[in-house]
1. As a test of reading the structure, rank His111, His184 by solvent-accessible area (1.4 Å probe, protein chains only), most first.
2. Rolling a 1.4 angstrom probe over the protein heavy atoms, how many square angstrom per residue are accessible across the chain?
3. At 222 nm, what helix-only mean residue ellipticity would the chain give, in deg cm²/dmol to the nearest 500, using -39500 (n - 2.57) for each DSSP H run of four or more?
4. For the chain, with all protein chains present and a 1.4 Å probe, just round the carbon and sulfur fraction of the accessible area to a whole percent.
5. PRE reach from Ala62 (point 7 Å along Cα→Cβ): which of region 100-124 fall under 11 Å by backbone N?
6. Name the aspartates and glutamates eligible as straight-distance cross-link partners of Lys88: C-alpha to C-alpha under 13 Å, and not fewer than 8 places from it in the same chain.
7. Solvent-accessible area of Ser142, probe 1.4 Å, all protein chains present, reported in Å² to the nearest ten, please.
8. Based on the mean of other beta carbon atoms within 10 Å per residue, what is the order of 274-287, 56-69, most packed first?
Amino acid sequence: MGFLDGLKKFGLGALDLEEEELFEEPKKKVEPKKQEPPKPVSTIDESTLVYDRKYTCPICEAPFVAKTLKSGKVRMSRQDVDLRPVYKEIDPIKYDIVSCPECGYSVLAKHFGNLTKFQTDAVRGKISENYKRKEYKDPIYSYEEARIRYELAIATAMVKKSKFSEKAYLCLKMAWLIRGETEHLDPESPEYEEKKKSNQEEEKEFLKKALDGFELARMKEAQIEGMDEATLDYLMAALGLEIGNYDLSVKLLGNIIGSRTANSRIKDKARDLKDVVLQKAKEEKEKS
Ligand SMILES: [Zn+2]
């Protein structure tokens, strides 16, 4: 599979980041590899919606900037079933990763810093030592660039043994990023159908990984990315719908509907989603 292929561009291609190990600790050594850097793609006016936010890397201490969405400039136009926010002017998912161009340390902005000594050493030894310096010169991040930032963030999370929920959330956002890219593909392009298909497959893989991670997190972790129990159950039910795990969806939605603490708004949403899931499950059963 092409999982984390982009890391090859950073010399991290041989890092032991196999799919089945996403929620375990990596063990093997790394070897650098070479590939062409990604080509930037430009969009209209997007650069006016972001600014350079300054950071100091907790791993290599270099000062650097990361493009960050200006607040209050854009309004969400809709939300996908799995809670992905969609905006007309910009895809904010592209800008969620802070990545040090000097050493490769990459995380969601809200998880920046706060590293233990073990984590710092692990990132230095397994990411930074093999990372090839990268310059982000364009005024906006292309989808290709954003993908690499997410891949580096997933690698960083694995190496520093982040919580299941942090890794699951990264996989979810990666799936959202790929979906955004698919929506922005040019239908006139000769590679359109092929790229769309491979993107959809990749997206599904990341949705599966996200659901796996959230299931583990739900059992073992108290705080899950600031989500309350009903929201997490709703999100997982939506992921179940998207990847075809209808039984899990129905069970989780039942939890919400029968919950004593969930509010009526999310209960209504859960009832609506349950109808959709049951309908979809019925259709698939009739097909097979
Ligand atoms: Zn650094």
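The values are calculated or read from the model by the stated rules, or taken from the named source; none is laboratory data. These numbers come from a predicted model, not from an experiment. Please note: Cβ atoms are built from the backbone with ideal geometry, for glycine as well, and neighbour counts cover all protein chains shown. For accessibility, only protein heavy atoms count, side chains too; no ligands or nucleic acids. Shrake-Rupley method; radii C 1.70, N 1.55, O 1.52, S 1.80 Å.
1. Numbers: His111 45, His184 110 Å².
Largest accessible area first, the list is His184, His111.
2. For the chain, the per-residue accessible area is 53 Å².
3. Values: 7 runs with 127 residues, N = 288.
Theoretical 222 nm ellipticity from helices: -15000 deg cm²/dmol.
4. Numbers: 7320 of 15320 Å².
Whole-percent figure for carbon plus sulfur exposure: 48.
5. Under 11 Å, as judged by backbone N against the label point of Ala62, lie 100-105 of region 100-124.
6. Reachable aspartates and glutamates: Asp45, Glu46, Glu183.
7. 10
8. Numbers: 274-287: 12.5, 56-69: 17.0.
The packing order, highest mean first, is 56-69, 274-287.
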